[in-house]
Amino acid sequence: MKSYKGNPVSKGVEIGKVYKYVPYHASVGEELIEEAQVADELQKYGDAKEKALHELNRLKESMGKSDQDKAAILGAHIEILKDPAMDQQIGKFIKKKMYNAKYAIDASYKMFIGMLEKVQDDLIRERIADMKDVRNRTLRCLDGEPEKNLSTLSEPVIVIAKDLLPSDTASLNRKMVLGIITEVGGATSHTAIIARSYEIPAILGVKNAMELFVDGEEVIIDAIAGNVLTQIEEEIRQDYDKKSRIFKEQALDTKKYLHVEPVTKDGERIYVNLNIGSTSEEELEHAVVSDGVGLFRSEFLYMGRDKLPDEEEQYKIYTKVLEAFAGKTVILRTMDIGGDKKLDCMELPVEENPFLGKRALRLSFAYPDIFLTQLKAALRAAVNGDLWIMFPMVESMDDIRRAKQYVEQAKKELSDACVPYGSVKIGIMVEIPSIAVIAEQAAKEVDFASIGTNDLTQYTLAVDRMNPELGDFYQKYHPAVLKLIRNVIEQFNKAGKHVGVCGELGGDELGSVILMGFGLRQLSMGYASVAQIKKIITNITIEDTKGIADNVCAMSTSAEIEAYVTGELKAKGL
Ligand code: PEP
Ligand code: MG
């Protein structure tokens, strides 16, 4: 048996086959052929097309009735592949221009895509993404590369990747992914957040993982201890089977708390909100166990697509969320693009330090049309429920005032066009230390704040939250971070303004206790943490949490705090 260490970011134990995920990238250059090669190149294209068609038919069949939307998209892809106009064009490029098959396919698809890009019809423009997909599939088949895609896995696997992009994790088929192992990514990276919300065991930061494991080999992912095991003896396998079963039983037991009302033993109602990052049915069904949405990461709307979402599309999506959470508050965070979140539909500025660059609100200021479109959609949707608008990456009072001016402008544009809109609360994420320090002033300027502990920790400690090499430096209970958090909670409470926490600390067992002790009453977290946090809330008193928080404030290291609060919870049987 061999064992490799990593950072366990989403708990669980599973045994399964390795699936190494390397997204295919076609590399195409202009290559000309001789007359004598024409027949061969035509044949190559024909074979690639047949192979692509076979893949699509198989996939479509496997989707069947279970996912009719995806099956319909695959049907459209088959139509594109069979389109005689495309065949003709590719043939012409090979025979007349003497392009090789690869270049001819690429050039033909690009030509058709270019034509569609000029059409001002949204439905037709949506075909562009489909065409790009079919182009990629055909080129991959021509290269003889197997399909690698996390949304179309056909058997349960443990995914191993260098890194996963937010678009990879957002589209992965959660029933088929038993575990996730990556070479990069820290505990608050987006891969970690998604893995936790899908309840998929994940270990990030396993050095050279792509070289260590072989496709198809059996491994154990122990995302409690942070070990990946290979070459497993039968005895070990049985031990881990048992460990996996026990973990699942305990998780099931904790799940009993999912539906309880989160009231402390001394009668204080704590509001448990959800962080959501999509509007899938599964995600919206979770509404029943929560008091609302504490963080709606709206950026997913912009990612993995070829054109920006327009006002109408956004209006419909925000309304859908408000309807799913009927009668509850939904906090919509305006787009947080930049940092590690890139866009396919737009070239963003290349920067030396993207996390310190034009990210989130700064990007919205740089592209006012995109910002105003989002604000108008949100204001219109607010007619249908209790929508609050929140700005990410706020650094100064200037940022707050400037962002509020955009809201006023959006309202004016709607009024001028006689379009109805609802009233909204305006708030900020406190995730840059500067704004945490001047929380007293900020509280006067906004209706609410939500503390983004993931970035607040990153920026306070100057530690890249994505870099697993820095795991030891990313100290989530660092006294300096806790001091900033306490200041924000106290200042907002004093001003009578709402304050919550939507960073990972809100759904953290120890963190939630410290935060309640600081006076926080609104926690927002991924669905996977809800049961555990409700269990803690209902088994503790506010007096207990205050005592714990006071003691924590007298401590000087993260490790000391972690050991102390762990001990306190253990003593209470938690
Ligand atoms: C945070 O920074 O704590 C946060 C909630 O935002 P995100 O993780 O999306 O950056
Ligand atoms: Mg953040």
- Message: Given the options Ile331, Ile370, name the one that is in contact (Cβ under 8 Å) with a residue 60 or more places away in the chain and either outside any helix (DSSP H, G or I) or within 16 Å of ligand 2 (Cβ to nearest atom) (or both).
- Response: Ile331
- Message: Which numbered condition in (1) touching a Ser or Thr at 6+ places or on another chain (Cβ under 6 Å); (2) surrounded by 18 or more Cβ atoms within 10 Å (Cβ to Cβ); (3) more than 24 Å from Leu574 (Cα to Cα) is the only one that Gly304 fails?
- Response: (2)
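Quick check, is Pro354 modelled with pLDDT under 95 and in contact with a strand residue (DSSP E or B) (Cβ under 7 Å, 6 or more places away or on another chain)?
Details: modelled with pLDDT under 95: yes; in contact with a strand residue (DSSP E or B) (Cβ under 7 Å, 6 or more places away or on another chain): yes.
Yes.
Where in the range 154-266 are the helices (runs of 4 or more DSSP H), entirely inside, with at least 2 residues that are in contact (Cβ under 8 Å) with a residue 40 or more places away in the chain and within 20 Å of Tyr527 (Cα to Cα)?
Working: elements: 166-171, 190-198, 209-212, 234-254.
Output list reads 166-171, 190-198, 234-254.
So if I check each of Ala85, Ala104, which one is in contact with a Gly (Cβ under 9 Å, 6 or more places away or on another chain), farther than 27 Å from Tyr21 by Cα and part of a helix (DSSP H, G or I)? It would help to see each step written out before you state the result.
On the way: Ala85 fails: in contact with a Gly (Cβ under 9 Å, 6 or more places away or on another chain).
Being in contact with a Gly (Cβ under 9 Å, 6 or more places away or on another chain), farther than 27 Å from Tyr21 by Cα and part of a helix (DSSP H, G or I) holds for just one of Ala85, Ala104, which is Ala104.
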- Would it be correct to say that Leu343 is within 25 Å of Arg127 (Cβ to Cβ), within 16 Å of ligand 1 (Cβ to nearest atom), assigned to a helix (DSSP H, G or I) and at pLDDT below 95? no
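Looking for whichever is touching a strand residue (DSSP E or B) at 6+ places or on another chain (Cβ under 7 Å), more than 22 Å from Ile533 (Cβ to Cβ) and not small (Gly, Ala, Ser) here; the options are Glu299, Glu283, Glu312, Glu347. Which one fits?
Working: Glu283 fails: more than 22 Å from Ile533 (Cβ to Cβ); Glu312 fails: touching a strand residue (DSSP E or B) at 6+ places or on another chain (Cβ under 7 Å); Glu347 fails: touching a strand residue (DSSP E or B) at 6+ places or on another chain (Cβ under 7 Å).
Testing whether each residue is touching a strand residue (DSSP E or B) at 6+ places or on another chain (Cβ under 7 Å), more than 22 Å from Ile533 (Cβ to Cβ) and not small (Gly, Ala, Ser) leaves just Glu299.
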- Item | Those residues of the range 303-326 which are more than 23 Å from Val501 (Cβ to Cβ) and assigned to a loop (DSSP other than H, G, I, E, B), in sequence order | Met303, Gly304, Arg305, Asp306, Lys307, Leu308, Pro309, Asp310, Ala326
- Specify which of the listed residues (Thr254, Thr230) is modelled with pLDDT of 95 or more, surrounded by fewer than 18 Cβ atoms within 10 Å (Cβ to Cβ) and among the polar types (S, T, N, Q). Thr230
- Task: List every residue pair whose Cβ atoms sit under 8 Å apart, with the two residues 6 or more apart in sequence or on different chains, where the first one lies in the range 485-509 and is touching a residue at least 24 places away in the same chain (Cβ under 8 Å) and not assigned by TED's automatic domain parsing to the domain that holds Pro392 and the second, anywhere, is surrounded by fewer than 24 Cβ atoms within 10 Å (Cβ to Cβ) and polar (S, T, N, Q).
- Result: none
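For the condition within 16 Å of ligand 1 (Cβ to nearest atom) and either under 23 Å from Lys358 (Cα atoms) or touching a Gly at 6+ places or on another chain (Cβ under 7 Å) (or both), what is the one hit in Met429, Met397?
Working: Met397 fails: within 16 Å of ligand 1 (Cβ to nearest atom).
So the residue among Met429, Met397 that is within 16 Å of ligand 1 (Cβ to nearest atom) and either under 23 Å from Lys358 (Cα atoms) or touching a Gly at 6+ places or on another chain (Cβ under 7 Å) (or both) is Met429.
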- Task: Kindly provide the set of residues from the range 435-488 that are closer than 27 Å to Leu204 by Cα, among the polar types (S, T, N, Q) and away from ligand 1 (no atom under 12 Å from the Cβ), ordered by number.
- Result: Asn467, Gln475
- Looking at Gly216, is it crowded, with 18+ Cβ neighbours inside 10 Å, in the same structural domain as Glu14 (by TED's automatic domain parsing) and on the phi > 0 side of the Ramachandran plot? no
- Message: If Glu145 satisfies all but one of (1) more than 24 Å from Glu312 (Cα to Cα); (2) touching a helix residue (DSSP H, G or I) at 6+ places or on another chain (Cβ under 7 Å), what's the number of the condition it fails?
- Response: (2)
- Picking from Leu284, Leu274, the residue that is assigned to a helix (DSSP H, G or I), under 28 Å from Gly338 (Cα atoms) and either more than 16 Å from ligand 2 (Cβ to nearest atom) or modelled with pLDDT of 95 or more (or both) would be Leu284
- Task: Give the residues of the range 196-213 that are modelled with pLDDT under 95 and either among the aromatic types (Phe, Trp, Tyr) or over 30 Å from Asp464 (Cα atoms) (or both), sorted by residue number.
- Result: Tyr198
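Yes/no per residue for (1) within 23 Å of Arg196 (Cβ to Cβ); (2) away from ligand 1 (no atom under 16 Å from the Cβ); (3) small (Gly, Ala, Ser):
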| position | (1), (2), (3) |
| --- | --- |
| Cys502 | yes, no, no |
| Leu505 | yes, no, no |
| Gly517 | no, yes, yes |
| Ile540 | yes, yes, no |
| Ala549 | no, yes, yes |
| Met555 | no, yes, no |
| Val565 | yes, yes, no |
- How do the pairs read when you match residues in the range 433-461 that are assigned by TED's automatic domain parsing to the domain that holds Val407 and over 23 Å from Thr329 (Cα atoms) with residues anywhere that are in a strand (DSSP E or B) and within 12 Å of ligand 1 (Cβ to nearest atom), using Cβ under 6 Å and keeping only pairs 6 or more apart or on different chains? Ala436/Val430
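So, in the range 291-320, how many residues would count as being hydroxyl-bearing (Ser, Thr, Tyr) and within 16 Å of ligand 1 (Cβ to nearest atom)?
Residues of the range 291-320 that are hydroxyl-bearing (Ser, Thr, Tyr), as a first pass: 298, 302, 315, 318-319.
Narrowing the set further to residues that are within 16 Å of ligand 1 (Cβ to nearest atom) leaves 298, 302.
Matching residues across the range 291-320 total 2.
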- Query: For the range 423-513, list the strands (runs of 3 or more DSSP E) that sit wholly inside it and hold at least 3 residues that are within 16 Å of ligand 2 (Cβ to nearest atom), buried (at least 19 other Cβ atoms within 10 Å of the Cβ) and within 22 Å of the chain's Cα centre (by Cα); which are they?
  - Reply: 425-430, 448-451
- Could you please tell me which pairs satisfy a Cβ distance under 6 Å, a separation of 6+ or placement on different chains, a first residue in the range 417-430 that is closer than 20 Å to Arg401 by Cβ, and a second residue that is more than 16 Å from ligand 1 (Cβ to nearest atom) and part of a strand (DSSP E or B)? Val424/Leu387
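Confirm whether Arg333 is assigned by TED's automatic domain parsing to the domain that holds Glu285, surrounded by 22 or more Cβ atoms within 10 Å (Cβ to Cβ) and among the basic types (Lys, Arg). Can you show your working first?
Numbers: assigned by TED's automatic domain parsing to the domain that holds Glu285: yes; surrounded by 22 or more Cβ atoms within 10 Å (Cβ to Cβ): yes; among the basic types (Lys, Arg): yes.
So Arg333 passes the test.
The values are calculated or read from the model by the stated rules, or taken from the named source; none is laboratory data. Everything quoted here is computed from the prediction, not taken from an experiment. All Cβ positions, glycine included, derive from the backbone under ideal geometry; neighbour counts span all protein chains shown.
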